[in-house]
Structure formats: C-alpha cells, structure tokens
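Structure provided below as structure tokens; questions to follow.
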Ligand SMILES: Nc1ncnc2c1ncn2[C@@H]1O[C@H](COP(=O)(O)OP(=O)(O)OP(=O)(O)O)[C@@H](O)[C@H]1O
Ligand SMILES: Nc1ncnc2c1ncn2[C@@H]1O[C@H](COP(=O)(O)OP(=O)(O)O)[C@@H](O)[C@H]1O
Ligand code: SF4
Ligand SMILES: [Mg+2]
Ligand SMILES: [Mg+2]
C-alpha cells in the first residue's frame, strides 16, 4: 500500500489536508419544455489529493451525471442548478468556458467506458498524443513526441516507438484503453474522472487496467473518481466509496468500512446481492422492486418503499446523516449496528 | 460421457464462419479465404434437471455454442442430441425439439418486440407452436406465466418500454417458458442487469428449475454467477473447452492455468485493496490462433511442447483438462 493510501485509510482526510475537489449540495437538473427534473439531488463529497474515490450504484443512480458535472461537460438541457464545485478551494462550476477548457485535460482529465469514443479514428495515436501534450504542457515538437513515447511505454504498449504511427482501430480493446489512459495522462492531471473504465473489457484485461491505474496514482499522486457499477472493482482499487441511489449519495466512507460494515440498508442489500465465488448459497439476497425514475422519486428517503427497515418517518423528511469518523450514511436507522460480511 | 439420463448431449460440435475479405480484395492482395473456427470440437452433456455453465472471455465461442444448441444456427460439424434425437437447425416443419428447447438472450431490450404488447410477446410461442386451442386458453396460460415470473397478469396489456430492465428480463423468461420447454439456453441472461436485479432473476431461475424440473445451459463470463447457478462448468478458450468439471472442483481445485488465473484475478469483496497479479496479454486473434496450446502465449507454465503440440481434453482428477501441465503450481 502506498503512503498516501495508508494515510487516507487511517485518518479522516477532512482534517488531514485541503481537499483537491469538493462538491457541496451539487444538483444537476434536466430542463425540458420549462419542466425540470433533478437527476442529482444535493450531493456533497470531497476528493483528497492522490485518493481514489469509488462512485458505485445501480444504472440510472446518477453516477455519470456527478462525474460529468465535475468535468464541466454538461450540456443543455442538462445543467448544474444548485450547489457548487470547488477545485483547490476555488469555484469551478461557474467558470467561463475558456477557463473551464484550460482546467479540463490539464488538471482534470477523463477516461470513459468506450475507448473508441475518446479517440479520433482518423488521426494517428502520435498526432492525438502530441496535440494533447502541446496543448497542456510546455513541451513542443521532438520533446512532445518523446513524451508521447514515454507515456505509451508507461501504460504498457509494447514497442511504443513503432506503435506511435498506428491508428486507434489497429489496437485491441485493452491496448486502446491504455492509449486513452496515456492521453488522459498527457496534461499531467491531478484528478482523473474514470467512468466505467474497465466495463467493456474482458476480465483478464480489466485486471491489467486496474493494476495500471493503481500504480499510476501512487506514482504521480493523482486522484481518481472511479465511476462503476462493479463493487468488486471498487473494493480492489478505491480508498473510499460513495454509494449513489436515485440521485443522492446515501453512504460514503472508507472501502473496508462500507463493504464490511455497511450502514445504509440499500448498501447492505447491494452487498448481500453480489454473488461471490465459493459461498455456495442456496439463494441470493434480493432487494424487492426497482430504483425509482428521476421524475418519480418518492419523498423522504428514496429507498423507503424497498427498505426492510422503513418506518413512517422515513417517508416524511430526509433522514439525517449518521456519522462515525469519515463514514457517513443517510438513514434514520444507520446507528443500529450492521451486518458483517 | 453419454449417460442414459442426459437430456442433452453435444459431441464434437464445430462451427466455422467464413470471414474472408471481399473477392476483389483477395485477388488484389493474393490472400486466400479466411475461416474463423468459432467452436472447434466441443463436447458435453447435461443431465435432466441439471445446469451446465459455459464460461470464458468474449469471443471464445459461448454464444455460438448456445445458438447451435437452441437450433438457431446450423453447426458446421458434430452432433447435438436432445432426448436422443438429433437437433438440426435446417430441419423443415416444426420438429419435436422446437418447443422443448428455448433461449433467453443477454439484451432484455433487443429481444422483445417493442411494438407488441407483453401478452402477445409471451403468448406468441404458444400460438406459433399450436399449443393453445382457444384465445381464452392462451390468455389464461399467459397470465399464469406472468405470475410465475413475479409479474402481474394485468401486465399483459402493457408494452416492453413500460418496464425496467429486470422486469423486461422477466418477460423474456416468461416467453421462454411459454412452450413448457425442458431445456432453457440462457446466454448471459443477467450481464446487462444491475446486481440487485440480477439477484432477483437468478433466484427466479432457480425457483423455476425446482418447480418445473428445468435443465439449463447457462452462458456467462461472470465466475461468481457461474459458481452460484451451476452443477457443472465448462471453461472455453478460443473455441475449445479447456477444462470441464463439477462446479466445486472447478472453483476449489481448478487445474488448467487459464481457469486458475481467471479465478485468481476476479475482483471480490473479501481481499479489499489487494493487488492481484493479472493475466498476461489479451485473447489472440481467432482467425490466426497460436500454435500448439492456443493459451501458450499467456501461460506462465508454457514449455516448448506447449508451443507445438495441442493438448487434448483428457481426464484429470475429477474432471477433464486440456493442458500438458494440469494442476501444476503457477
Ligand atoms: N442526456 C440526458 N438526458 C436526459 N436524462 C438523462 C441524460 N443522461 C442521463 N439522464 C438520466 O439521469 C439519470 C442519471 O443518469 P446517469 O447516467 O448519471 O446514471 P448512472 O448512475 O451513470 O447509470 P449507468 O450505470 O447506467 O451508467 C438517469 O435517470 C438517466 O436516465
Ligand atoms: N456470424 C458471425 N460471423 C463471423 N464471425 C462470427 C459470427 N458470430 C460469431 N463470430 C465469431 O466467432 C467467435 C465466437 O463468437 P461468440 O460465440 O459470439 O463468442 P462469445 O459469446 O463467447 O463472446 C468470435 O471470434 C466472433 O467474432
Ligand atoms: S498446455 Fe502448456 S501452455 Fe497450454 S495451458 Fe498447459 S502448460 Fe500452459
Ligand atoms: Mg454511467
Ligand atoms: Mg456472447
């Protein structure tokens, strides 16, 4: 484990150092024909320098929206309608487009699920890498090209000198994702938003990319917001995890805490529903029903209709946060002990 | 292998696809025809009421095996027998196995006709195979099927887009069960679903198996899901079975290096933050598979023999393994 990781796990980072990124009451809405629907509803979280924060939850929970809001890539009809995002203490959610562009790629880079969408099919890898390096660093010409070779080598592309001239389609899926990672590294960012970076890959290649990301973060002190629906990937790679449900973060804390002692009934249900090799269960624990759509989120705790512990007060107002160290859960009954896996 | 009680026996199944470039290109470049061996000599049997899973990385031939068994794709070679009778996709009329073998697909969106109401989607096989004698009878059967999969009979009047992903997969399960099949071929039935919904569908499939004595051919790339559903597991790599054994043997005592590395590298919730030695390399191009054991470029145990001589699938301990060094420490 790296020094950064050890520190993040042992202490409450909020009291350790200044956060790299902070979201406060972040709300993202979709406005159509004058009607607004909130897709992300008042979310607050921090990312410390060098930290890998996992963002997990069911499809439609709002994970990608939260990540996209941070990168400033939301387009109409989507927009941040409340709250703020601070990068090194400075607000970035209201930056003019030019400043936002300077921040993006340079300080905050993105990696998406499908490497083909991140790469331009008609340009060589060399051209794309060199352009990005020249846009975000003082390196020019041959120096930028050398940096491109070094980056390809670093992400594990064999014979990088030779592969520089190749086009995206000439790479396999796994190699393409490595190229995308090299591109994200080009501006030497401090924060990477990785949205389902391994979901489209084979299990064997997924393992390679996970270990690559782990090493790169440790080496460069880079922070990552790791968006995925796969709790296994988070448990392997992330330091802390935030669990999203119906546009809110219902639980956040150190990975080992949240996985072994989940406090929110939704997180408990989620953990119990995941099959594991060797458990040989007769049945899996299932959560009845389905997550509500954004335009039909029930009042109070959005999980209440599916929750085995729900009481009348759960549907009335938002539950207060249960807090223990840097572990937080938005549930009236979070304090009543927890299952141990 | 073939016991009297086996509902399905697959022997030396082969399926090749012609993936040659167009004729003009071939003439211009002097290339010959290119043949992709998607399934290259696969054999297995499933007893009545059992579940055999086929697991492996994308492109290894799982879906092709599933489609051949379901009679949707004609094999290029080998034989598929259901209750002793040959299953042949090219057969005319409505062969006897048609109502007995049904398939559930990965994509709960694409596999349902969006313009049909759920009642018609589920009732279609009943009508198509002439299993219902009156409209009332079909309607009653559809209502029972919807209840069986945890939906309401009133859902018959709705359209697929009115349902969530998990509910759509329930509709697909109801449709597959409409002809009261004995064998259900499930191709990644939960891969597009969230884990909480996956748990609902896997439990449902297990309940239906208990109630109706169903037999499953289950296709997945998710080892934990396979461990949950299976009695027996076949691990495929580049069109071939490299290891086949009972579920416990595969997961507790895997013998093929590929199986062992796959299991070892699957992320779990037990060893939090653990670094795992990932598998080397990527799946090779199936048009030009490596010589000898096709896994040799990625195998930590590979020797000269592995590079030249293809290992046959041979009995090893409780199962069968295609490897020159089965069970050896990695
Ligand atoms: N461009 C868009 N226009 C309208 N609604 C959208 C748009 N993008 C997302 N949504 C809606 O916002 C909600 C949150 O979406 P988001 O993509 O953030 O979910 P997610 O948690 O990333 O899900 P997944 O696991 O499927 O990627 C969903 O209800 C989704 O349907
Ligand atoms: N209709 C087809 N034409 C050409 N190649 C095909 C066709 N269907 C499958 N293949 C190829 O056959 C191999 C096995 O495919 P498939 O059975 O779909 O694998 P899996 O389901 O394990 O991912 C792959 O290399 C795939 O590209
Ligand atoms: S035959 Fe050789 S290369 Fe193939 S899996 Fe066994 S040891 Fe590895
Ligand atoms: Mg998403
Ligand atoms: Mg497939």
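List the equivalent ellipsoid semi-axes of segment B:168-315 in whole Å, largest first, each obtained as the square root of 5λ for an eigenvalue λ of the Cα gyration tensor.
Semi-axes from the Cα gyration tensor: 32, 19, 14 Å.
At a threshold of 8 angstrom on Cα-Cα distance, excluding pairs fewer than six apart, so keeping six or more, what relative contact order does chain B reach in percent?
Relative contact order of chain B: 19 percent.
By its C-alpha gyration tensor, with a ≥ b ≥ c as the square roots of the eigenvalues, how is the protein assembly as shown shaped: rounded for a/c under 1.5, else prolate for a/b larger than b/c, else oblate?
oblate
Same structure again: By the gyration tensor of its Cα atoms, with a ≥ b ≥ c the square roots of the eigenvalues, what is the shape of segment A:166-226: rounded for a/c under 1.5, prolate for a/b over b/c, or oblate?
It is oblate, given that a/c is not under 1.5 and a/b is not larger than b/c.
Have a look at A:281, A:21, A:103 and tell me which one the Gaussian network model of chain A (Cα, springs below 10 Å) gives the largest fluctuation.
In the Gaussian network model the winner is A:281.
Still on this structure: Enter the angle in degrees (range 0 to 90, nearest 10) between the Cα long axis of helix A:125-136 and the first principal axis of the Cα atoms of chain A, meaning the one along which they spread out most.
70 degrees
What's the percent breakdown of Cα-Cα distances in segment B:6-84 across 10 Å bins, shortest bin first?
17, 42, 23, 12, 5, 1
Still on this structure, I have one more. Can you give the convex hull volume of the alpha carbon atoms of segment A:115-250 per residue, in Å³?
120 Å³
Return the whole-Å distance between the Cα centroid of segment A:284-307 and the Cα centroid of segment B:200-233.
The distance from the Cα centre of segment A:284-307 to that of segment B:200-233 comes to 26 Å.
Of all DSSP beta bridges located in segment B:3-230, what percent are antiparallel, nearest 5?
55 percent
Another question about this same structure. Of B:139, B:15, how do they rank once you tally other Cβ atoms within 10 Å and put the fewest first?
B:139, B:15
Sticking with this structure for a sec: Peptide A:229-238: average number of partner chain Cβ atoms within 10 Å per residue?
The mean count of partner-chain Cβ atoms within 10 Å per residue comes to 5.
Quick check on chain B: helices-only [θ] at 222 nm, where DSSP H runs of length 4 and up contribute -39,500 (n - 2.57) each and the sum goes over total residues. Nearest 500, please. Intermediate results must be reported in sequence, preceding the final value.
Details: 10 runs with 98 residues, N = 330.
Taken over chain B, the calculation gives -8500 deg cm²/dmol.
Could I ask something else about it? Calculate I(q)/I(0) for segment B:72-132 by the Debye formula, one identical point scatterer on each C-alpha and no solvent, and give its log10 at q = 0.17, 0.18 Å⁻¹ to two decimals.
Taking Cα atoms of segment B:72-132 as identical point scatterers yields -0.77, -0.84.
Using DSSP, restrict attention to beta bridges with both residues in chain A and report what percent are antiparallel, rounded to the nearest 5.
The answer is about 60 percent antiparallel.
Ranking request for peptides A:213-223, B:46-56, B:156-166: highest mean number of other beta-carbon atoms within 10 Å first, then the rest in descending order.
The packing order, highest mean first, is B:46-56, A:213-223, B:156-166.
To continue, here is another question. Compare the peptides B:176-186, A:238-248, A:141-151, A:315-325 by average per-residue count of other Cβ atoms within 10 angstrom and give them in order, highest first.
A:238-248, B:176-186, A:141-151, A:315-325
Here's something else I'd like to know. Provide a whole-number value for the mean count of partner chain Cβ atoms within 10 Å of the Cβ atoms in peptide B:221-234. Provide the component values of the computation, followed by the final result.
Details: counts 2, 4, 4, 7, 4, 2, 7, 9, 1, 0, 0, 0, 0, 0.
Average per residue, whole number: 3.
Please find, in a Gaussian network model of chain B (springs between Cα atoms separated by less than 10 Å), the residue of B:280, B:209, B:167 whose mean-square fluctuation is greatest.
B:280
Looking at the protein assembly as shown, what % of its DSSP beta bridges pair antiparallel, to the nearest 5?
60 percent
Give me the inter-chain shielding for A:22-32: mean count of other chain Cβ atoms within 10 Å, whole number please. Write down the numbers at each step before the final one.
On the way: counts 0, 0, 0, 0, 0, 0, 0, 0, 0, 0, 0.
Mean partner shielding for this stretch: 0.
Taking the Cα atoms only, what angle lies between the long axis of helix B:135-148 and the longest principal axis of chain B, rounded to 10 degrees?
That works out to roughly 50 degrees.
Based on C-alpha coordinates, I'd like the Rg and Dmax of chain A, in Å.
Answer for chain A, Rg first and Dmax second: 20.7, 68 Å.
Round to the nearest 10 and give me the degree value, 0 to 90, for the angle of helix A:203-220's Cα axis relative to the longest principal axis of chain A.
On a 0 to 90 degree scale, this one is about 80.
Specify the inter-centroid distance of segment B:125-184 and segment B:278-322, based on alpha-carbon positions, in whole Å.
So the two Cα centres are separated by 44 Å.
Please arrange A:123, B:218 by counting, for each residue, the other beta carbons lying within 10 Å of its beta carbon, fewest first.
A:123, B:218
How much mean residue ellipticity at 222 nm does chain A get from its helices, if each DSSP H run of length 4 or more adds -39500 (n - 2.57) and you divide by all residues, to the nearest 500 deg cm²/dmol?
Helices in chain A give a 222 nm mean residue ellipticity of -9500 deg cm²/dmol.
Checking a compactness column here: for segment A:76-176, what do you get for Rg(Cα) / (2.2 N^0.38 Å), N being the number of residues?
In units of the 2.2 N^0.38 Å rule of thumb, it is 1.29.
Sticking with the crude label model, points 7 Å out along Cα→Cβ, report the distance from residue A:24 to residue B:277 in nm, one decimal please.
About 4.9 nm, to one decimal.
Another question, then. Sort A:86, A:20 so the one with the fewest other Cβ atoms within 10 Å of its own Cβ comes first.
Ascending Cβ contact count within 10 Å gives the list A:86, A:20.
Further question on the same structure: Taking Cα atoms of segment B:3-230, Rg/Rh with Kirkwood Rh, to two decimals?
1.01
Values in this text are rule-based calculations from the coordinates and carry no lab data. It should be emphasised that the depicted structure is a prediction, and the values quoted were computed from it without experimental measurement. Quick reminder, even Gly has a Cβ in these numbers, built from the backbone with ideal geometry, and neighbours come from all protein chains shown.
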